[in-house]
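**Student:** First, the structure itself, so that you have it in front of you.
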Amino acid sequence: QGLYLFETIDSTHTYVSNNLSTIDHGSVLLAYSQTAGRGRRGRKWSSPIGKSLSLSIVLKEFAAQMKPTLLTQLTAAALQQALSETGLPIAIKWPNDLLINRRKVAGVLTEAMFERQVLQAITIGIGINLNQSQTDFPTEIHTKATSLALETEAPFFADKLIAQFLQYFEQFYQDYQQSLDPEPFLSICRQESAVIGEIVTVVQGDKRRDVEVLGIEATGELLVRDLSSQEQMTLISSEVSLRNP
Ligand code: ATP
């Protein structure tokens, strides 16, 4: 296992994919700024120098049942538990965002990494907003993003949070690897969900539909009911974004 520390880097995930063969299972990469941080489907993740934290964990030992979707849920649950130790109300917006009062404070990005079409590793990245002021965020997310410093009204030091997150993550991961039962972390995702019981707009490509969120399935998929057809369906995390209607 290795610990890789970067003051600034283009993207921790890009570093992992370029150095895959030399990075051991369980290695952790930490960066205090990314110049090309990524979100899902090529979206940008803003992480200005000294104000945010990016952490990636490289996994090379996992059972076939441990799908990336479920590992995203596992990570969101670990991050929810660690962030809650600040005393702030932390909700999980399925599948990969952590919210405080509906504003995004952290996000999870899980990527499967292949070499010659063989799965080599799953890299899980988290981005946490630590010390941004509202104007540090790009204009289009001013009202959608928040930082731990904004919420606690004091500069935020991340050392304890990093240690707590890694402890929760390791505990959930080891238990899951042994039992292959996702319920312990899925029950946190359900209990702390920002969307279960809510009406949300599902955006899939250029299609939008309003649904009521009913729950999270054992596969990590979201169970919803379409408000116009009344039909129940499950949503796959890699394909959709949820918005407030
Ligand atoms: P959304 O969160 O809008 O539903 P998504 O879940 O598909 O979209 P993610 O990959 O989770 O997208 O995150 C990328 C999006 O998050 C960006 O498009 C931007 O709107 C927003 N974003 C980027 N940087 C930050 C940040 N530091 N804090 C909060 N939100 C951010």
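The values are calculated or read from the model by the stated rules, or taken from the named source; none is laboratory data. Every value quoted in this text rests on a predicted model; they were computed, and no experiment measured them. Quick reminder, even Gly has a Cβ in these numbers, built from the backbone with ideal geometry, and neighbours come from all protein chains shown.
**Student:** Mind counting the residues in the stretch 134-158 that are over 25 Å from Leu5 (Cβ atoms), away from the ligand (no atom under 12 Å from the Cβ) and at pLDDT 95 or above?
**Tutor:** 2
**Student:** Just need a number here: residues in the stretch 16-37 that are closer than 25 Å to Phe157 by Cα and either away from the ligand (no atom under 16 Å from the Cβ) or not polar (S, T, N, Q) (or both).
**Tutor:** Final tally of qualifying residues: 9.
**Student:** Still on this structure, please answer the following. Restricting attention to the stretch 92-101, and to residues there that are under 15 Å from Thr146 (Cβ atoms) and either touching a Lys or Arg at 6+ places or on another chain (Cβ under 8 Å) or acidic (Asp, Glu) (or both), which single residue is surrounded by the most Cβ atoms within 10 Å (Cβ to Cβ)?
**Tutor:** Ranking the candidates gives Leu98 first.
**Student:** Given the options Ser228, Ser193, name the one that is in contact with a Phe, Trp or Tyr (Cβ under 7 Å, 6 or more places away or on another chain) and of a type in the set (Gly, Ala, Ser).
**Tutor:** From the options Ser228, Ser193, the qualifying one is Ser193.
**Student:** Give me the residue from the stretch 185-237 that is in a loop (DSSP other than H, G, I, E, B) and hydrophobic (A, V, I, L, M, F, W, C) and, out of that set, modelled with the lowest pLDDT.
**Tutor:** The extreme case among them is Ile236.
**Student:** So, in the stretch 21-36, exactly how many residues are surrounded by 12 or more Cβ atoms within 10 Å (Cβ to Cβ) and closer than 21 Å to Leu166 by Cα?
**Tutor:** Selection size over the stretch 21-36: 11.
**Student:** Please work out which residue is nearest to the ligand (Cβ to nearest atom), limiting yourself to the stretch 88-114 and to residues that are among the small types (Gly, Ala, Ser) and over 18 Å from Pro155 (Cα atoms).
**Tutor:** Among those residues, the one meeting the criterion is Gly107.
Conditions (1) of a type in the set (Val, Ile, Thr); (2) within 16 Å of Ser193 (Cα to Cα); (3) touching a helix residue (DSSP H, G or I) at 6+ places or on another chain (Cβ under 8 Å), marked per residue:
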residue	(1), (2), (3)
Gly205	no, no, no
Arg208	no, no, no
Leu214	no, yes, no
Gly220	no, yes, yes
Val224	yes, yes, no
Ser229	no, no, no
Ile236	yes, no, yes
Glu239	no, no, no
Pro245	no, no, no
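**Student:** Separate question: Residues of the stretch 155-184 being among the acidic types (Asp, Glu), assigned to a helix (DSSP H, G or I) and within 17 Å of Leu70 (Cα to Cα), which ones?
**Tutor:** Looking only at the stretch 155-184, we keep the residues that are among the acidic types (Asp, Glu), and these are 159, 170, 175, 181, 183.
With assigned to a helix (DSSP H, G or I) added as a condition, the list becomes 159, 170, 175, 183.
Hits for the stretch 155-184 are Glu170, Asp175, Glu183.
**Student:** Of the conditions (1) within 11 Å of the ligand (Cβ to nearest atom); (2) surrounded by fewer than 19 Cβ atoms within 10 Å (Cβ to Cβ); (3) not aliphatic (A, V, I, L, M), Glu170 clears all except one; give me its number.
**Tutor:** (1)
**Student:** In the stretch 1-10, how many residues are closer than 17 Å to Ile122 by Cα and touching a residue at least 40 places away in the same chain (Cβ under 8 Å)?
**Tutor:** Number of matching residues: 0.
**Student:** Now a separate question. Among the numbered criteria (1) free of Cβ contacts under 8 Å to residues at least 12 places away in the same chain; (2) crowded, with 22+ Cβ neighbours inside 10 Å, which single criterion is violated by Ala76?
**Tutor:** Here Ala76 meets the rest and fails (1).
**Student:** Taking the stretch 120-154, which residues are in contact (Cβ under 8 Å) with a residue 60 or more places away in the chain, under 17 Å from the mean Cα position of the chain (by Cα) and not in a strand (DSSP E or B)?
**Tutor:** The answer is Leu130, Ser147, Leu148.
**Student:** Can you confirm whether Gln117 is farther than 15 Å from Thr75 by Cα and either small (Gly, Ala, Ser) or more than 16 Å from the ligand (Cβ to nearest atom) (or both)?
**Tutor:** In short, yes.
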